Amino acid sequence: MQIADSEINTRVNEWLTPFFNEETKNEIQRLQNDNPEQLKESFYKNLEFGTGGMRGIMGVGTNRINQYTLGKSTQGLSNYLIKQFPDEQPKAVIAYDCRHNSDTLARVVADVFSANGIKVYLFSSLRPTPELSFAVKELNCHCGIVLTASHNPPEYNGYKVYWQDGGQLVPPQDGEIISEIDTLKYADIKFESNPDLIQKIDKEIDDVFINASVKNGSFMASQEVKDDIKIVFTSLHGTSITAVPETLEKAGYKNVHIVKEQAEPDGNFPTVKSPNPEEPEALAIAMNLAKEIDADIVIGTDPDCDRLGIAVRNNKGELQLLNGNQTMVVMTWFLLEHYTSKGFKGNEFIASTIVSTPMMRSLANGYGVEYKEVLTGFKWIAKLIKDFPEKHFLGGGEESFGFMVGDFVRDKDAVTATLLACEIVAYTKSKGSSFYNQLLELYVEYGFYKENLVSLVKKGIDGAQEIKQTMIDLRNDPPKFLNDEKIVLIEDYQTGIAKNTQDHTEEVIDIPNSNVLIFYTEEGSKIAARPSGTEPKIKFYISVQGALDTVSDFDNTQQKLDDKIEAIKKDLKIT
């Protein structure tokens, strides 16, 4: 919530009181003298929990990641745990990634937990986010924390909270914990550590996690087939180097070439502009290595190892980068094929998000399994598993390069997904096909869905207001046509109402409220607008579709769909 200048001054003065350390007070005074606008940015609001937890720039102030904002959140969480579990000692597990200050901030969180009498398991060094999710259940903890800002720039860090099931916070716990945090003053934070309650963990959890990843991500028996593929892997200076190579080795993949220039964890991410596997530039070094050794697949993971980007050989023999929707569709197909061979029991389901490709629903219908759709963020997919324990979750993902195999990890998991991608390459190659050709075959069978994401960066106070106004304008004056296609349905997830623009009927959307608008056209195009929950961006997700008669028609059909996308972007003025 944005506040007035007078309130900003009140907050600044509070942070100049003796409770705050000298380093913090000196930095505030420096900003007062040298950069008052940055000071305002640092205090004009509180950091909020978004799609992927709490994420922000490191520095002083209520709108920054620092020992006080994280300490206050941890104090509120501690109070909540003690109230919820009065008859037992709550337990928490903490992990952190390669970012600057992640290790020291993790120690601050551990100190606050222990000061409140909470047992803490603290990883001794950096670990992947999916391992933290796994460890929550493995250690029977009441919650888990990971210090990470995923793929954000180096100046960012973050704080993700997991609950007993290993999934991120969802209602009602998230709102209740936030209310608990909001009642606190900074002076209420207990920073005095109780070392007796802090236990370091490492290999004993690593081994169990990696074994579980191999068990859940392996579907092939033939070592000969596995030996026939070459894999290039890059950790993009992140945490995956601690788990992915060993997982692949244990699964029988021996021909793995690690990008040495990016293997050392480094919060500066020196070889890339952004450690984001969604961006082709991030995989450029890996792609060059793959060309040199004639690799079958390139895989890169983000800093906390929950998302992956891949490139595979296309039908011309060239390395082709895939987007998150394409990877998700092929991975889901592979799981469905595997379980088809075993025989469905009738309780299986797959899942994805409202801004991901509609092809997931078509795939589920084709295999006769249930499809569930949720808001953006894997915490909602994890909630499905918790809410429907009688059902069997096979797998699922979202367009932002995340995938989850089964339910042993309750968040997107680039460790197991990396193994799954290699399994698909090996399997399809052994059948005289390929990962890429299988994607095209799915387009022929289920329809050619083509997606495009436009992310508009809007930083700071003015940017936040611009994003807010864009959503207001789209609600108040929605487009009637896009690419000369009539808009026939508008879903407003903020009001929870879907409006049919043809017969003017309305239906309630049975999904929690969120600031998302989705427009559907008469020809099956789908356009979603959504402010990011973790970055200063507004995102537009465009999906168009058409029939693909044969694989040989792919290039011509793709060009037609690309032209559609460009026309829609032009109409929305987001080119």
query: Cβ-Cβ below 9 Å, separation at least six or inter-chain, first residue in the stretch 219-239 and over 14 Å from S430 (Cα atoms) and in contact (Cβ under 8 Å) with a residue 12 or more places away in the chain, second acidic (D, E) and surrounded by fewer than 17 Cβ atoms within 10 Å (Cβ to Cβ): which pairs?
result: T234/E261; S235/E264; H237/E264
message: Of everything in the stretch 240-275, what is closer than 15 Å to G309 by Cα, touching a residue at least 40 places away in the same chain (Cβ under 8 Å) and open to solvent by 10 Å² or more (accessible area, probe 1.4 Å)? Give them in sequence order.
response: S274
- line: Residue pairs within 7 Å by beta carbon, gap of at least six or interchain, first lying in the stretch 34-51 and open to solvent by 60 Å² or more (accessible area, probe 1.4 Å), second modelled with pLDDT under 95 and in a helix (DSSP H, G or I), listed first then second, are K40/I8; F49/D174; F49/I178
- request: Mind listing whichever residues of the stretch 8-55 are assigned to a helix (DSSP H, G or I), charged (D, E, K, R) and within 34 Å of the chain's Cα centre (by Cα)?
  value: R11, E23, E27, E37, K40, E41
statement: Over the stretch 540-575, the set of residues in contact with a strand residue (DSSP E or B) (Cβ under 8 Å, 6 or more places away or on another chain), surrounded by fewer than 19 Cβ atoms within 10 Å (Cβ to Cβ) and of a type in the set (D, E, K, R) is K560, D562, K569, D571
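If a residue has to be in contact with a Gly (Cβ under 7 Å, 6 or more places away or on another chain) and modelled with pLDDT under 95 to count, how many in the stretch 182-194 make the cut?
Quick first cut of the stretch 182-194, residues in contact with a Gly (Cβ under 7 Å, 6 or more places away or on another chain) only: 184, 189, 191.
Remaining after also requiring modelled with pLDDT under 95: none.
Of the residues in the stretch 182-194, 0 are in contact with a Gly (Cβ under 7 Å, 6 or more places away or on another chain) and modelled with pLDDT under 95.
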- request: Residue by residue through the stretch 193-215, note down the ones that are open to solvent by 10 Å² or more (accessible area, probe 1.4 Å) and under 25 Å from L283 (Cβ atoms).
  value: V214
- prompt: Do any strands (runs of 3 or more DSSP E) entirely within the stretch 241-359 hold 1 or more residues that are aromatic (F, W, Y), closer than 27 Å to D555 by Cα and in contact with a helix residue (DSSP H, G or I) (Cβ under 6 Å, 6 or more places away or on another chain), and if so, which?
  reply: none
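Considering only the stretch 404-451, state which residues are assigned to a strand (DSSP E or B), farther than 19 Å from A251 by Cα and among the hydrophobic types (A, V, I, L, M, F, W, C).
So the first thing to find is which residues in the stretch 404-451 are assigned to a strand (DSSP E or B), and the list is 404-405, 448-451.
Applying the additional criterion that residues be farther than 19 Å from A251 by Cα yields 448-451.
Matches in the stretch 404-451: F448 only.
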- request: Just name the residue that is nearest to the chain's Cα centre (by Cα) out of those in the stretch 86-103 that are open to solvent by 20 Å² or more (accessible area, probe 1.4 Å) and over 22 Å from A243 (Cα atoms).
  value: K91
Given (1) open to solvent by less than 50 Å² (accessible area, probe 1.4 Å); (2) part of a loop (DSSP other than H, G, I, E, B); (3) β-branched (V, I, T); (4) free of Cβ contacts under 8 Å to residues at least 60 places away in the same chain, index of the condition I511 fails: (4)
- line: Of the residues in the stretch 195-225, those that are more than 17 Å from D407 (Cβ to Cβ), of a type outside the set (A, V, I, L, M) and at pLDDT below 95 come to S222, Q223, E224
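If you go through the stretch 228-239 one residue at a time, how many are at pLDDT 95 or above and either surrounded by fewer than 19 Cβ atoms within 10 Å (Cβ to Cβ) or under 23 Å from T332 (Cα atoms) (or both)? Show your work before the answer.
So in the stretch 228-239, the residues at pLDDT 95 or above come out as 229-239.
When the remaining residues are screened for being either surrounded by fewer than 19 Cβ atoms within 10 Å (Cβ to Cβ) or under 23 Å from T332 (Cα atoms) (or both), the result is 229-233.
Qualifying residue count for the region: 5.
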Condition met for R361 (surrounded by fewer than 24 Cβ atoms within 10 Å (Cβ to Cβ) and without any contact (Cβ under 8 Å) to a residue 40 or more places away in the chain): yes
statement: Note on the stretch 522-556: residues among the charged types (D, E, K, R) and either over 29 Å from G463 (Cα atoms) or over 18 Å from the mean Cα position of the chain (by Cα) (or both) are E522, E523, K526, D549, D553, D555
- prompt: Looking at the stretch 490-505, which of the residues that are outside any loop (DSSP other than H, G, I, E, B) and not charged (D, E, K, R) is surrounded by the most Cβ atoms within 10 Å (Cβ to Cβ)?
  reply: I490
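The values are calculated or read from the model by the stated rules, or taken from the named source; none is laboratory data. In this text the structure is predicted, and so the values were computed from the model without any measurement. Quick reminder, even Gly has a Cβ in these numbers, built from the backbone with ideal geometry, and neighbours come from all protein chains shown. The area values use the complete protein model at the heavy-atom level, side chains included, leaving out ligands, DNA and RNA. Shrake-Rupley method; radii C 1.70, N 1.55, O 1.52, S 1.80 Å.
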